[in-house]
Amino acid sequence: MSLGLLFPGQGSQYVGMGRELADSYDSAARIFEEANEILGFNLSRLMWEGSESDLQETKYAQPAILTHSIGSLAVLNERYGDSLKKVGMAAGHSLGEFSAHVSAGSLSFAEALKAVQLRADLMHTACSQQEGTMAAIIGLGDSELQSVCDSVAEPNNRCSPANFNSPVQIVISGDLRAVKSVMEIALQKGAKRAVQLNVAGAFHSYLMKSANKPFSDCMRSIDFKPSQFPVISNVTGSESGPPSGVGELLVKQLTSPVLWTSSIRYMVHRGISRCIEIGPGAVLRGLNRRITRDIDCKSVGKPQDLDQLVDFLEISAE
């Protein structure tokens, strides 16, 4: 069990994403066509011909990344289906956890896309209700950064760690004033950098709590299937467990931090030595280099990426 699948989250989108795959492979083109039909608008045209500002909007970015990831997965199955039978585990960063469940068979693409469309709409609404933001803090430890967040907290002005992306990069999320205060104090305490992110709001924080009830209703309506291989939960940093608990974990993810460092370390502990990052960009491959040297990772989102997997998958299948 040495091969893992990884799926990126919001922020990895770019104009033109997936077009080369759809032009080169019918299996990918069918995924994009299915997405257009399910969503009721031409998502693929927006992905390929829209503006960068359009794709940055949560309501478009999330379904676009999911669709690109699953289109890439369809091509991988077409080219390397036998090797992918050796997959031992999958993980996705935030939104990418839905892609991971599709890869494992616990969710259909249609179910995941409808859920992600609702998730994106609910998160967009939550962002409009209260001003919030996120910031990346580089070079400050987990506990020290948590202490800084606690020190500035007020009843209606607080923030908390939202993404534990690597041992040296943690993203905080919450009220604008609290985030700015933590950025300033973190630098005073020795952080190398503190960068406010260009995001619509405070994802993975208490400011997303208005999305909990309607998204929980959505998750309860889905009949999650047993997964073909374990999927790592962002909330726990370990396996999601039986189908009955998957929906609840995906709801908790809205207001809980993404434990990416713990997730990757868990995969290493369980014997994963090679991973394929499936979808737009190579963000996760970069993060993984900062977490461990024990996983070799390739990123696949364009046709030219596929040939590099020949030796990679042959080795992982030994």
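The values are calculated or read from the model by the stated rules, or taken from the named source; none is laboratory data. Note that this is a predicted model, so its numbers are computed, not measured. Cβ atoms come from the backbone with ideal geometry, glycine included; neighbour counts cover every protein chain shown.
Tabulated results
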read-out: The range 282-293: number of residues that are surrounded by fewer than 19 Cβ atoms within 10 Å (Cβ to Cβ) and more than 18 Å from Val87 (Cβ to Cβ); value: 6
read-out: Candidates Pro226, Pro214, filtered to the one that is more than 16 Å from the chain's Cα centre (by Cα) and in a loop (DSSP other than H, G, I, E, B); value: Pro226
read-out: Residues located in the range 1-42, provided they are assigned to a loop (DSSP other than H, G, I, E, B) and among the hydroxyl-bearing types (Ser, Thr, Tyr); value: Ser2, Ser12, Tyr14, Tyr25
read-out: Some residue of the range 4-15 being over 30 Å from Val268 (Cα atoms), touching a helix residue (DSSP H, G or I) at 6+ places or on another chain (Cβ under 6 Å), modelled with pLDDT of 95 or more and not assigned by TED's automatic domain parsing to the domain that holds Asn165; value: yes
read-out: Check on Asn163, within 18 Å of Leu250 (Cβ to Cβ) and surrounded by fewer than 22 Cβ atoms within 10 Å (Cβ to Cβ); value: no
read-out: Some residue of the range 19-27 being in contact with a helix residue (DSSP H, G or I) (Cβ under 9 Å, 6 or more places away or on another chain), surrounded by fewer than 16 Cβ atoms within 10 Å (Cβ to Cβ) and closer than 24 Å to Cys297 by Cβ; value: yes
read-out: From the options Ala90, Ala110, Ala136, residue that is in contact with a strand residue (DSSP E or B) (Cβ under 6 Å, 6 or more places away or on another chain) and surrounded by fewer than 21 Cβ atoms within 10 Å (Cβ to Cβ); value: Ala136
read-out: Per-region count, the range 230-266, residues surrounded by fewer than 20 Cβ atoms within 10 Å (Cβ to Cβ), touching a Gly at 6+ places or on another chain (Cβ under 7 Å) and either hydrophobic (A, V, I, L, M, F, W, C) or farther than 13 Å from Ala91 by Cα (or both); value: 0
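Residue-by-condition table, conditions (1) modelled with pLDDT under 95; (2) in a strand (DSSP E or B); (3) touching a His at 6+ places or on another chain (Cβ under 7 Å); (4) farther than 19 Å from Ser263 by Cβ:
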site	(1), (2), (3), (4)
Ala74	no, no, no, yes
Ala90	no, yes, no, no
Phe98	no, no, no, no
Val102	no, no, no, no
Gln117	no, no, no, yes
